[in-house]
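The values are calculated or read from the model by the stated rules, or taken from the named source; none is laboratory data. Just so it is clear, the model here is predicted, and its values are computed rather than measured. So basically every Cβ, Gly included, is an ideal-geometry build from the backbone, and we count neighbours across all protein chains shown. Protein only, heavy atoms only, side chains kept; ligands, DNA and RNA dropped before computing areas. Shrake-Rupley method; radii C 1.70, N 1.55, O 1.52, S 1.80 Å.
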Amino acid sequence: MRIERTLVAALIAALVAPAAAAGADDGGGDLDAVRQRGVLRHLGIPYANFVTGGGDGFDVELVRGFAKRLGVRYEYVQSDWPSVLADLTGRRVSSTSTDLVHAALAPVRGDLVATGMTQLPWRERVVAFSEPYFPTQVWLMARADSAVRPIRPGAMVEDDIAAVKALLAGRKLLGVPSTCLDPSLYRLQDTRAKLVLKNVKLDEVAPALIEGGGELALLDVADAMIALQKWPGALKVIGPLSPRQEMGVAFRRGAPALKASFDAYLAAARRDGTYDRLVKAYFPEAPTFFPEFFRRALWDLQ
């Protein structure tokens, strides 16, 4: 029996050791580790008005306020979409490989990801998301001169999505793999669209579409709102390709206290008007597109 217990213990240690090694000397950890270090490291990617790349943005201000609440210094750490979850978890995961135990090791560079990240099912398997803090949806966009016409919205979003998918056959469609704009997430390979996958920044999709990289493109609401303002008359919205989605701040699964502390801070920011101020500053049109999300009485936080 003792030998069996020893073998079991050795097996458990062998499985746990690689995960521990990934973050053993990177200064990662939960809330106590952040406070002891005295720095909250914000992993971000320049994207829409969440992280502008100019030192501000919706998420930059939100996380800076969280760091102040914790009594630690704020530090921005720039990442990119292919690497950001590895920078958080210490494991090189992706939409097609979510096995944290066996994934290749990577340096942990930050304590949370706040960059307008959509809570996709595959991401939820590798990180813990905060309470939803922003709504989104993936739309089909077209150049203004495209023959593809916007659908007539119906009572059910599922019917709208089916109507949009019916327009895709034979048309060149731009998407970005391993992001919320990945066509495979919406089974667009079944539509007979000519899929063009580009490893570009999300805010580069709209200009690529305008410049002729495709007739159609996937775009989420945040980028679409900015693109429609930045290039008036150049683009049009055809309709939705996803139900309404939600964004959240991502944390390591081993940092529950840090996540809980952020959720409490977010609730306070919603009650005291800080959140509304940020929405008005960076996404003033958002309540028009998603009135139900922004109308929730006290955000269900009585």
(request) Run the accessible area of the chain with a 1.4 Å probe and give the carbon-and-sulfur part as a rounded percent. (result) 54
(message) Give me the dipole magnitude in Debye, nearest 20, for the chain about the Cα centre, with unit charges on the beta carbon: positive for Lys and Arg, negative for Asp and Glu.
(response) 140
(request) Roll a 1.4 Å probe over the protein chains and send me the accessible area per residue for the stretch 180-275 in Å². (result) 41
(request) Hydropathy first: keep DSSP H helices in the chain averaging at least 0.0 on Kyte-Doolittle, then drop any whose Cα extent along the axis falls short of 18 Å, and list what survives. (result) 2-22, 58-70
(message) Restricting to DSSP H runs of at least four residues, report the calculated mean residue ellipticity at 222 nm for the chain, -39500 (n - 2.57) per run over all residues, nearest 500 deg cm²/dmol.
(response) -10500 deg cm²/dmol
(request) Report, for the chain, the % of DSSP beta bridges that are antiparallel, rounded to 5. (result) 60
(message) Let me spell out the model: positive unit charges on the Cβ of Lys and Arg, negative unit charges on the Cβ of Asp and Glu, origin at the Cα centre of the stretch 216-291. What dipole size does that give, in debye rounded to 20?
(response) 140
(request) Could you tell me which of 266, 176, 290 has its Cα farthest along the dipole of the stretch 160-302 towards the positive end, charges placed at Cβ (Lys, Arg +1; Asp, Glu -1), taken about the Cα centre? (result) 176
(request) Quote the FRET efficiency, to the nearest 0.05, computed for residue 166 versus residue 97 with a Förster distance R0 of 30 Å and r equal to the Cβ-Cβ distance. (result) 0.40
